[in-house]
Amino acid sequence: MLLRLRVSLPDRPGGLGQVAKALGALGADILQVTVLERETGRAVDDFIVSWPGPISATEVCERLSATPGVRVEGVWPTRDVPGSAPDYDLLMHVATEPARGLATLVDALPALCGAEWSVAVEDGAVRHASMAAPEVLNLPDPPPRAITLDSADLRLMLLPLVPQGMHVVVARAGGPVFHRAELERAVRIVDVVAKLAARAPGRLTAQTSDE
């Protein structure tokens with residue numbers, strides 16, 4: 001199974017090697033490493049690993065936390081395919097058919113952001129929902145800028161679509177809160193899609209889930 005692990009570790013020579021060694025000893029195959037931040041003597045990295053057989057997030061945390069100086073901030077299943085470029089694929093689809101840019105964006109964001117679902121909201125109404133989005137939503141008011149929110153059961157990103165007067169909500173139930181690096185990446189993607197879609201002839205179209 002594919003897992004995404006967010007790990008805080010000492011930012012010193014050999015620190016990353018310690019985590020890699022620990023994962024290897026557990027039978028995990030590291031497919032990708034992304035550095036999210038390096039501050040105050042520590043680094044936060046995301047690992048995408050192929051894990052042999054089923055394993056619980058608790059078990060992964062317990063095993064990795066035995067490595068000195070290592071803190072596991074989150075473990076969750078992922079659909080990321082290392083080596084692919086899903087953000088470029090998304091932008092190509094939107095550039096080809098900008099009038100459907102919103103629907104394309106909302107459908108693609110969960111995989112791009114390591115999330116479960118996303119929706120586009122206009123004046124409190126859902127304009128488009130990705131697969132797995134719940135039918136009943138209790139959504140926060142639209143923010144003036146992109147923000148992250150954390151509740152007992154959901155981690156959220158709220159991303160304004162300024163040219164369209166909408167905002168996009170991205171949610172994941174497992175794993176840690178969205179990191180600022182994830183938020184910044186999502187903001188850039190949403191901004192480009194919004195601008196491409198705004199140039200399409202006529203109004204940006206998006207079907208609601210029951211259309």
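The values are calculated or read from the model by the stated rules, or taken from the named source; none is laboratory data. Just so it is clear, the model here is predicted, and its values are computed rather than measured. A quick note on method: Cβ atoms are made from the backbone with ideal geometry, for glycine too, and the neighbour counts reach across all protein chains shown. Only protein heavy atoms, including side chains, enter the accessible area calculation; ligands, DNA and RNA are left aside. Shrake-Rupley method; radii C 1.70, N 1.55, O 1.52, S 1.80 Å.
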SER8 passes all but one of (1) open to solvent by less than 60 Å² (accessible area, probe 1.4 Å); (2) touching a Leu at 6+ places or on another chain (Cβ under 8 Å); which number fails?
(2)
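Within segment 100-139, can you find the residues that are β-branched (Val, Ile, Thr) and either in contact with a helix residue (DSSP H, G or I) (Cβ under 6 Å, 6 or more places away or on another chain) or free of Cβ contacts under 8 Å to residues at least 24 places away in the same chain (or both)?
Kept after step one, since they are β-branched (Val, Ile, Thr), are these residues of segment 100-139: 104, 106, 119, 121, 126, 136.
The answer is THR104, VAL136.
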Looking at segment 107-119 only, could you name the residues that are part of a helix (DSSP H, G or I) and at pLDDT below 90?
ALA111, LEU112
Filtered residue count, segment 25-50, keeping only those that are part of a strand (DSSP E or B) and among the hydroxyl-bearing types (Ser, Thr, Tyr)
2
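One line per residue, one yes/no per condition, for (1) in a helix (DSSP H, G or I); (2) surrounded by fewer than 18 Cβ atoms within 10 Å (Cβ to Cβ):
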position: PRO52; (1), (2): no, yes
position: GLU59; (1), (2): yes, yes
position: VAL72; (1), (2): no, no
position: VAL81; (1), (2): no, yes
position: GLY101; (1), (2): yes, no
position: VAL121; (1), (2): no, no
Return yes or no: is VAL94 touching a helix residue (DSSP H, G or I) at 6+ places or on another chain (Cβ under 7 Å), under 22 Å from ARG199 (Cβ atoms) and open to solvent by less than 40 Å² (accessible area, probe 1.4 Å)?
yes
Criterion: open to solvent by less than 30 Å² (accessible area, probe 1.4 Å), of a type outside the set (A, V, I, L, M, F, W, C) and touching a strand residue (DSSP E or B) at 6+ places or on another chain (Cβ under 8 Å) - qualifying residue of ARG145, ARG172, ARG127:
ARG172
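Would you say GLN207 is crowded, with 17+ Cβ neighbours inside 10 Å, modelled with pLDDT under 90 and farther than 27 Å from GLU73 by Cβ? Talk me through it step by step, then tell me what you get.
Details: crowded, with 17+ Cβ neighbours inside 10 Å: no; modelled with pLDDT under 90: yes; farther than 27 Å from GLU73 by Cβ: yes.
No: the conditions fail for GLN207.
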If you go through segment 35-61 one residue at a time, how many are over 12 Å from LEU9 (Cα atoms) and without any contact (Cβ under 8 Å) to a residue 24 or more places away in the chain?
4
Since ALA22 meets every condition but one in (1) assigned to a loop (DSSP other than H, G, I, E, B); (2) more than 23 Å from the chain's Cα centre (by Cα), which condition does it not meet?
(1)
